[in-house]
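Right, one structure below, let's go through it.
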Amino acid sequence: MVTVKMLKPYYVKTEQESIRVILAYQYFSVMINKKVYQFIPVESNEIRINRKTKKVENTEAVFAFQNGKDIVNVPMSKLISIPDFLQQLHSIAESYYQNESELSKTEQEKAIALLIDDLEKDNLKRLIDRALDLRDKKSFYALSKQL
C-alpha cells in the first residue's frame, strides 16, 4: 500500500496549456509498507497538469523513491489513483488553473469585437450604396477609402 507522506513542489512553472510541478529530493515522500521513502530525481522529476481540464498529463512518468539502499519505482498511474496525492497536487496547482469564466469572457470579447467589425463594414457598404443612389461622388470616394 502506497500513501503520500509529503508532497511539496521544488517550484511550479506555468505554461499556456499546462502547469509543471517540479519535484526535488526531500520535497516528496511516500510510505510503502510502513517505511518512508524519499523521492530521488532519477527518472521523472515533474508532474504536468493541464490548466483547463485539471488532469495530470504525464501519466507515463515513473518516480523513484529511496529508503537506505532500497529503491522503489512508482508509476504516475499508481500515484493518481491515491486520493490524498490528487488532493495535495490540486491544492498546489489550484491558483494556476484557468477559470472557465475567464476563458469564456475572453472568447465572448473576441466574438463581440468580430461582430462589431462586421456591423461597421455592413454599415459602410450601406452608406456607399446610398452615396451611389444620390450620385454623391465626393461621399462615395471618401467612404470607399475606408473599406
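What follows draws every value from the coordinates through simple rules; no lab data is involved. From a predicted model like this one, the values you see are computed outputs, not experimental measurements. Positions of Cβ are backbone-derived with ideal geometry, glycine not excepted, and every protein chain shown enters the neighbour counts.
Taking amide hydrogens as placed 1.01 Å from N in the peptide plane, the amide H of E57 sits under 5 Å from those of R48, I49, N50, each at least 5 positions away in sequence or on another chain. Coupling constants for the range 30-38 follow from the phi torsions by the Karplus curve (6.51 cos²θ - 1.76 cosθ + 1.60, θ = phi - 60°), and in residue order they are 10, 10, 10, 6, 6, 10, 8, 10, 8 Hz; glycine and proline get x. How large is log10 I(q)/I(0) at q = 0.16 Å⁻¹ when the Debye formula is applied to the Cα atoms of the range 1-71, each weighted equally and without solvent? Each listed q maps to, in turn, -0.58.
With the simple spin-label model, which puts each label point 7 Å out from Cα in the Cβ direction, the E120 to E57 separation comes to 3.6 nm. Sorting 115-123, 139-147 by average packing, meaning the other beta carbons within 10 Å per residue, from highest down gives 139-147, 115-123. Using θ = phi - 60° in the Karplus curve 6.51 cos²θ - 1.76 cosθ + 1.60, the 3J(HN,Hα) couplings for the range 80-86 round to 6, 7, 8, x, 5, 4, 4 Hz; x is entered for Gly and Pro. Between the alpha-carbon centers of the range 43-94 and the range 1-25, tell me the distance in whole angstrom. When both Cα centres are located, 7 Å separates them. Cross-link reach is defined here as a Cα-Cα straight distance under 18 Å, omitting same-chain residues fewer than 8 places apart; for K138 the aspartates and glutamates meeting it are D129.
Positive end of the dipole of the chain (Cβ unit charges, origin at the Cα centre): among S91, T59, A131, the Cα lying farthest that way belongs to S91. Among (1) 11, 42, 35, 11, 1; (2) 10, 29, 17, 10, 8, 9, 9, 6, 2, 0; (3) 11, 39, 33, 16, 1, only one was calculated for this model; which label is it, if the read-out is P(r) over Cα pairs in 10 Å bins from 0, in percent? Evaluating P(r) over Cα pairs in 10 Å bins from 0, in percent on these atoms matches (2).
Would you compute, from DSSP H runs of 4+ residues alone, the mean residue ellipticity of the chain at 222 nm, taking -39500 (n - 2.57) per run and dividing by the full residue count, rounded to the nearest 500?
When only DSSP H runs of four or more count, the value is -13000 deg cm²/dmol.
Bridgeable lysines around K52 (alpha carbons under 29 Å apart, same-chain partners fewer than 8 residues away excluded): K5, K8, K13, K78, K105, K110.
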